[in-house]
Amino acid sequence: MNESFDTPAGTALRIEPHAHIDFGASVVEHLPDAVDRVGHRRAFVVTDQGMRATGILGKVLAILDRAGIETACYEGVEPNPTTRTVDEGAAEARRFGAAAVVAVGGGSALDAAKGIAIVAANTGVARDFDYTAEPPWPGLPVIAVPTTAGTGAETNGFGVLEDPARRCKVYIGHASVRPRFALLDPELTVGLPPRATAATGMDALVHGIESLAAKGANPVSAAYATQAIRLVGSSLATAVDDGTDLEARSRLIMGAHLAGLALTLSGLGLVHGIAHSVTNHTGAVHGLALTSVLDRVMQWSADVAAAPYALVAQAMGLPGSGNPDQDAAVAIGAVRDLAEDVGARLPLRELGVDAGMIPGIARGALDDIVSVNHPKEFSGRDVETILTAAL
Ligand SMILES: NC(=O)c1ccc[n+]([C@@H]2O[C@H](COP(=O)([O-])OP(=O)(O)OC[C@H]3O[C@@H](n4cnc5c(N)ncnc54)[C@H](O)[C@@H]3O)[C@@H](O)[C@H]2O)c1
Ligand SMILES: [Fe+2]
């Protein structure tokens, strides 16, 4: 057992209040109220290139329009958004003027919107505002309308961007762009295709698992993480099988949100470090890159992380033996089975990785800031072994 969950007296904690959350079918209708409550009558909507075709963008714009809120829209966000996209969106936001930034879409749109909200309020370019730099001015207020149930990006003020010139991830962010409102409307996720439902749901599950095992885990993050694993573990296969099952969609979007709260408090670990590097090299979908290595990283880490992995088994409703090593093995097996069941556990080769890329991907994983929170020390050779097994 990770003692910090059991001995809160020894844990120093400061938890910032998080966003105002509206959860439930049709809460997207509350958008005009959210814009009003962040002090604006104008909204700059940031979304990705696919969102108009889903009908969701039209619905959001109609809701704002009916309430007399003036809107402009930036639709240029791509999966795994770049610093270039943020600079382009920020230039448009500056031209539109003071407004609430309404982020509509998956983690890509939410992350890009946070970057746009910072850069629009400050002069400079996206890569100047990595999360370690204090921007001279706070960002524009952000309202999040997630349309995937995965990243939990609505819970924090950070965005993961790709810097195409340097081929690395840039973490952009500031407390001022943590969404002030998040509208968690499961109906918006009903049209998400099975493959994307599986990939994004696995992302949420990994957030819960890595958060529980992270060096930064604490009693509060563990509470969020275990409930996240319970909700996602019990609904993902159903939502992939039948996207219209609103109960499963509701469990998933709430689970993903709680997992986001968990990771924001605890940090993540090596599964994310490796997956970010795989995506940098191949453009692979985030959730699929994670799932390719998830159970192998757990297996390799189990000698030091048996206690948190045993909690994963418990959260997934699996019978416990009381022996953490045995229960951790059960969790690893269950996670692998679920990933196979939803079709998200692919060989890395199918994501575009070849053997020659492995040393470069391993170096990238070592350099990624999320990896330092992993509970077990690792070398480049360890990561190469994991990648080779997942190939
Ligand atoms: N800030 C954070 O805390 C955090 C955490 C994890 C991941 N991320 C980032 O989030 C990004 C991944 O986000 P994602 O997994 O949500 O995917 P995404 O935002 O890239 O979207 C994937 C695809 O799904 C489509 N889509 C989204 N919602 C839809 C819907 N309801 N119906 C039909 N199609 C829909 C989009 O158009 C897009 O083509 C990555 O860039 C990752 O780095 C951020
Ligand atoms: Fe993630």
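The values are calculated or read from the model by the stated rules, or taken from the named source; none is laboratory data. This is a predicted model, so every value here is computed, not measured. Backbone-built Cβ (ideal geometry, glycine too); neighbour counts: all protein chains shown. Areas reflect the complete protein model, heavy atoms only, side chains present, ligands, DNA and RNA absent. Shrake-Rupley method; radii C 1.70, N 1.55, O 1.52, S 1.80 Å.
Quick notes
- With every protein chain in place, the chain: carbon and sulfur % of accessible area (1.4 Å): 52 percent
- Once exposed loop trypsin sites (Lys or Arg not before Pro) are cut out (DSSP; at most 13 other Cβ, 10 Å), longest piece of the chain: 168-391
- Extension gain, V125 back to R14 (0.36 nm per residue minus Cα-Cα distance, nm): 36.8 nm
- Relative contact order computed over the chain (Cα-Cα under 8 Å; 6+ residues apart), in percent: 15 percent
- Helix axis angle, 83-96 relative to the chain longest principal axis, alpha carbon, degrees: 30 degrees
- For the chain, lysine pairs separated by 8 or more sequence positions, or belonging to different chains, with Cα-Cα distances below 25 Å total 5.
- Where only C-alpha atoms are counted, convex hull volume of segment 27-184 per residue in Å³: 93 Å³
- Using the Cβ-Cβ distance between D367 and D303 with R0 set to 25 Å, the FRET efficiency from 1/(1 + (r/R0)^6) comes to roughly 0.50.
- The overall shape of the chain, judged from the alpha-carbon gyration tensor, is prolate: a/c is not under 1.5, and a/b is greater than b/c.
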